[in-house]
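FYI, it's all coordinate maths here, none of it is from the lab. Owing to the predicted nature of the structure, the values given are computational and were not obtained by experimental measurement. Because the Cβ atoms are built from the backbone with ideal geometry, glycine has one as well, and the counts that use them run over all protein chains shown.
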Amino acid sequence: MRRPPGNGEAASEGRGSWGLWGQQEARRLDCAGHDRCGQALLQIGINMMALPGGRHLDSIPLPGQRLHLMQVDSVQRWMEDLKLMTECECMCVLQAKPISLEEDAQSDLILAGGPGPGDPLQLLLKRGWVISTELRRIGQKLAQDRWARVHSMSVRLTCHARSMVSEYSAVSRSSSQEMGQIEKLLMEKCSELSAITERCLQVENEHVLKSMKACVSETLSTLGQHFGQLLELALTREVQALVRKINASDNIYTTESTTGNLFSLTQEGAPLCRIIAKEGGVVALFKVCRQDSFRCLYPQALRTLASICCVEEGVHQLEKVDGVLCLADILTDDSHSEATRAEAAAVVAQVTSPHLPFTQHLGSFLESMEEIVTALIKLCQEASSGEVFLLASAALANITFFDTMACEMLLQLNAIRVLLEACSDKQRVDTPYTRDQIVTILANMSVLEQCASDIIQENGVQLIMGMLSEKPRSGTPAEVAACERVQQKAAVTLARLSRDPEVAREAVRLSCMSRLIELCRSPSERNSSDAVLVACLAALRRLAGVCPESLQDSDFQQLVQPRLVDSFLLCSNMEESFV
């Protein structure tokens, strides 16, 4: 199930700058529509002795036949192509023998699979992953002073860099002068790295090696910068081609394919999202969303927009083309499918994320906020699946952070009743991620005095009590974190609502105080979360102020009477056996 740009965890921000592309951690490339790098492990059936064109050693002509065969055009063409091709596997064997069987020797095989022919994006992404991985590994071996490995990996890095340059030149439409200059600088630095690491193998003096190590490190850093610049230029060209194709196409199948490729690129992280935004990707996608002939492509285009808007450039482009107004039109138009409106809600959730500071200045959103909030409440009420409800409720939760007027709008629209009724519907609310959105809305609305009466009328205190007992099903880190957020926000909501004596007495009647004490004293109940502990102590003190007789003396003396920080330190240091 998709998880929206949450209000309790950081939105999907970038994975590093392009300048660090050559030095960053290896990343799994999990784009839809492209063969993944991780799948290369399943494709390593490459014959180390195979020659280009599928020929093998046993197909090489005998001396007597060679003159005749050299006159054949196909053989001549192959000989010419051979000058530009590099078989990385063979080069490693011939120039870097032996490859030691170390902890990373098996991962060397990952580099054997080549990208698909004629696909420049696939080529760039795969070679980019391979080369950045090699740069990272060389840096690790350099730190360990393992010079033999540093040299052999430097040779292999040169092979891959040369392969990327030659292969991309073969499949790309044209080459700019700037790219040619950077390609030249990159290959020069690769040669320099191989040469200096080879000299290091022959040096035994530690002081000399130390000075040479600094030189190798500087060369490696410069090489990574040149590689990042080259990759950014090449990817920018490919993005420009995709955007032009979307703008020029009136064919639904071409547009669908191109939009899918653009979405795949957004999954590679913030750097590519910035490139797409700068090159007009947001404008092109909203153009699709404004054409009735492309209605069936709205969900795909909107999902791509939500991914691009994780970066500041994407949000700015969205505002320039009146994207918020387009989203409001889609959300309020019942003729659109539920899937389309759900994806529009996902874009709203992204651009209003409280973890993206630049979205707080989205002035155009305020003009359409009432329409959007009304449409989102309706979408929550009519949602046919948990994912649709999750996206709509996430958008509402983020909007309550975005502007305080949203809470008053929600109160007038009976949002509390809609949300609490949904909690009893397992088809719509079935995960802690969804309950996280609901309790976020309740916590933000609970600052309004009128909210308390609606909560009591809809038996909301009992629901909040249940959220204090939220437990993960799978035990995955993401789900555990979501459960912690639910517990914390439930305690915050209870503390705010308990300003009303009627709510406080209802909470005491439902044994909320006992559960809060348990969460404070038992670290395992709150997954040792300090945030949950602080929220529970605050809620317990608020309830104790209304109904002090409901507390035992020991609980009062340890959890209520001392300063909050003293009670926090006492509970955070408790062992399980103490309870």
Debye intensity ratio in log₁₀ form over the Cα atoms of segment 120-229, taken at each q of 0.10, 0.13, 0.16, 0.21 Å⁻¹: -0.30, -0.48, -0.69, -1.07
Debye, to nearest 20: dipole size of segment 120-229, +1 on Lys, Arg Cβ, -1 on Asp, Glu Cβ: 340 debye
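Among the trypsin sites (Lys or Arg not before Pro) within segment 452-557, which fall in a DSSP loop and have no more than 16 other Cβ atoms within 10 Å of their own Cβ?
Those that pass, being in a loop and sparsely packed, are R473, R499.
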Burial ranking of peptide ranges 317-326, 396-405, 137-146 (average Cβ count within 10 Å, highest at the top): 396-405, 317-326, 137-146
Linear extension gain, K320 paired with R77, 0.36 nm per residue minus alpha-carbon span: 82.3 nm
Sites S169 and S511 - FRET efficiency at Förster radius 56 Å, r taken between beta-carbons, to 0.05: 0.20
Pairwise label distance in nanometres, H207 with N247, each label 7 Å out on the Cα-Cβ vector: 6.3 nm
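Please report the relative contact order for segment 423-579, taking Cα pairs under 8 Å with a sequence separation of at least 6, and give it as a percent rounded to a whole number.
22 percent
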Within straight-line cross-link reach of K489, lysines at Cα separation under 23 Å, skipping those fewer than 8 residues along the same chain: K426, K471
Pairwise FRET efficiency - M187 versus Q450, Cβ, R0 = 56 Å, nearest 0.05: 0.20
Amide H contacts of E268 (H built 1.01 Å from N, under 5 Å, at least 5 apart or other chain): none
Which listed pairs, of K141/K189; K184/K287; K189/K210; K126/K210, have C-alpha distances above 30 Å, in listed order: K184/K287; K126/K210
